[in-house]
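The values are calculated or read from the model by the stated rules, or taken from the named source; none is laboratory data. Bear in mind the structure is a predicted one, so any value in this text is a computation, not a measurement. Cβ coordinates were reconstructed from backbone atoms using ideal geometry, including for glycine residues, and neighbour counts include every protein chain displayed.
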Amino acid sequence: MKAGNSVLSGFGTTIFEVMSRLAQEHDAVNLGQGFPDGNGPEDVVEAGVDYLRNGVNQYPSMFGIPDLRRAVAEHAQRFYGLEIDWQTETMVTSGGTEALGSALLGLIEPGDEVILIEPLYDSYLPIVERGGGIAKFVRLEPPGWELPRDQLAAAFSDRTKLILVNTPMNPCAKVFSRDELEFIAGLCIKHDCFAVCDEVYEHLAFDDAPHVPLITLPGMRERTVRIQSAGKIFSLTGWKIGMITAAPAVLTPIAKAHQYLTFTTPPNLQAAVAYGLGKDDAYFEGLRRDMQSRRDHLASGLAAVGFEIIPCQGTYFITTDFRPLGYNGSDAKFCKYLTTEAGVAAVPVSAFYTSDDVRHFARFSFCKKAETIDEAIRRLKRHFGRA
Ligand code: PMP
Ligand code: GLN
């Protein structure tokens with residue numbers, strides 16, 4: 001039999017699937033894959049049920065239902081003062097994942113250079129390479145995750161088509177500062193390239209680290225693709241409703257990819273998300289505060305077990321250094337060991353790097369119920385003799 005596509009065949013099964021499967025097999029508490037174990041805001045779910053029952057069930061426009069596209073524009077105005085024409089500058093996708101895929105496939109020409117910042121979310125590189133792009137990597141290193149500005153500037157060239165920026169950033173929980181984003185914006189303008197900005201965790205920037213959408217910076221309005229995910233805004237990750245905002249000339253080629261990949265996404269869920277985006281400020285502030293307190297809960301538990309905690313400014317994730325526990329194997333082995341022997345699943349941070357020299361860090365998700373976090377900490381304390 002002939003082989004499948006060689007680029008995609010070169011990648012293994014995604015780490016999230018691998019660790020969740022292992023967690024299930026061993027009845028482990030799953031702090032690996034980032035999904036909440038609650039059921040999201042009741043009124044948003046009820047809205048979805050109503051729309052499902054009341055006939056919002058046929059193909060909508062490939063750009064998404066007008067109510068959701070209007071809600072995306074109103075949300076951008078409310079939170080960031082960003083003026084958007086919903087009819088020419090928004091598009092609904094099947095999750096942030098499809099938004100990323102359509103943006104990359106829609107913009108990249110074979111041979112184009114694409115700047116990726118490690119540690120990088122797992123869907124970026126396969127799609128860049130499948131699109132014929134040539135990845136140029138810039139690395140952030142634990143525990144500080146500082147942006148190496150000189151290396152970043154050196155990675156840009158005349159052949160750079162785009163840079164992919166993720167803020168707040170998975171897995172390292174870094175929220176890029178305005179100053180860092182201005183530096184990136186300056187390079188994009190100098191080299192006349194696009195920026196695809198994965199902002200799925202926009203409402204999960206904690207403490208005094210505000211989320212700044214790259215598209216709002218001077219000179220970026222016409223060259224930035226802003227990506228959102230309703231899954232993260234409403235703690236309903238299985239809904240897979242993504243949203244793209246970009247200037248018309250940038251959105252047009254992206255829509256060409258979208259129309260042949262998924263064409264559209266369930267209209268009933270889109271309508272419920274439109275309702276949800278209209279919720280008052282208290283909802284969004286409540287989400288942020290709630291996740292921040294879960295972060296603190298998990299961080300103090302993991303610290304009591306003996307992990308070193310790397311500061312977390314946003315997202316669903318805490319990165320830990322497990323060397324203080326006396327484990328000297330790789331992070332992949334540690335996470336497997338933790339799942340099968342201690343009954344708690346985590347994700348190895350090396351899965352987000354293209355080389356395996358970052359070997360001592362494990363990522364834990366805190367987007368879980370208090371009792372789930374308590375049970376995980378109980379198991380870890382028992383296992384590591386801290387009970
Ligand atoms: N980008 C990042 C950084 C993510 O962590 C995720 C995972 N949730 C996604 C994109 C994908 O979002 P969605 O579930 O909406 O496809
Ligand atoms: N974004 C989630 C994480 O980082 C996983 C999403 C997925 O499994 N594709 O854990």
Residue set GLY286, GLY306; condition away from ligand 2 (no atom under 16 Å from the Cβ) and closer than 18 Å to ASP43 by Cβ; output residue GLY286
Condition set aromatic (Phe, Trp, Tyr) and either more than 14 Å from ligand 2 (Cβ to nearest atom) or surrounded by fewer than 22 Cβ atoms within 10 Å (Cβ to Cβ) (or both), scope region 333-387, selection farthest from ASP37 (Cα to Cα): answer is TYR353
All-but-one check, ASP192 against (1) within 16 Å of ligand 1 (Cβ to nearest atom); (2) more than 30 Å from PRO348 (Cβ to Cβ), failing number (1)
Residue set LEU82, LEU105; condition touching a helix residue (DSSP H, G or I) at 6+ places or on another chain (Cβ under 9 Å), surrounded by fewer than 22 Cβ atoms within 10 Å (Cβ to Cβ), part of a helix (DSSP H, G or I) and modelled with pLDDT of 95 or more; output residue LEU105
Does region 233-246 include one or more residues that are more than 16 Å from ligand 1 (Cβ to nearest atom) and either under 20 Å from the mean Cα position of the chain (by Cα) or at negative phi (or both)?
yes
Might you let me know whether region 92-108 holds any residue that is more than 19 Å from the chain's Cα centre (by Cα) and polar (S, T, N, Q)?
no
When ARG359 is run through (1) in contact (Cβ under 8 Å) with a residue 40 or more places away in the chain; (2) within 25 Å of the chain's Cα centre (by Cα); (3) outside any helix (DSSP H, G or I), the failure sits at (1)
Among the residues of region 135-164, the number that are without any contact (Cβ under 8 Å) to a residue 12 or more places away in the chain and either polar (S, T, N, Q) or touching a His at 6+ places or on another chain (Cβ under 8 Å) (or both) is 0
Of those in region 38-73 that are within 16 Å of ligand 1 (Cβ to nearest atom) and in a helix (DSSP H, G or I), the residue surrounded by the most Cβ atoms within 10 Å (Cβ to Cβ) is LEU68
For region 13-37, the count of residues that are surrounded by 10 or more Cβ atoms within 10 Å (Cβ to Cβ) and more than 16 Å from ligand 1 (Cβ to nearest atom) equals 8
Filtering region 340-349 down to residues that are assigned to a helix (DSSP H, G or I) and within 25 Å of GLN292 (Cα to Cα) yields VAL349
Residue pairs qualifying under the 7 Å Cβ cut-off, at least six apart or on distinct chains, with the first in region 79-108 being under 17 Å from ILE215 (Cβ atoms) and the second being within 12 Å of ligand 1 (Cβ to nearest atom) and among the charged types (D, E, K, R), are GLY96/ASP198; LEU100/ASP198
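For region 309-336, how many residues meet the condition of being of a type outside the set (Ser, Thr, Tyr), assigned to a strand (DSSP E or B) and touching a residue at least 60 places away in the same chain (Cβ under 8 Å)?
4
Condition check ((1) farther than 23 Å from THR262 by Cα; (2) in contact (Cβ under 8 Å) with a residue 40 or more places away in the chain) across all residues:
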position: ALA23; (1), (2): yes, yes
position: HIS26; (1), (2): yes, yes
position: LEU31; (1), (2): yes, yes
position: ASP37; (1), (2): yes, yes
position: GLY40; (1), (2): yes, yes
position: ASP43; (1), (2): yes, yes
position: ARG53; (1), (2): yes, no
position: VAL56; (1), (2): no, yes
position: PHE63; (1), (2): no, yes
If you go through GLY219, GLY238, the only one that is under 29 Å from ALA173 (Cβ atoms), within 16 Å of ligand 2 (Cβ to nearest atom) and touching a residue at least 12 places away in the same chain (Cβ under 8 Å) is GLY238
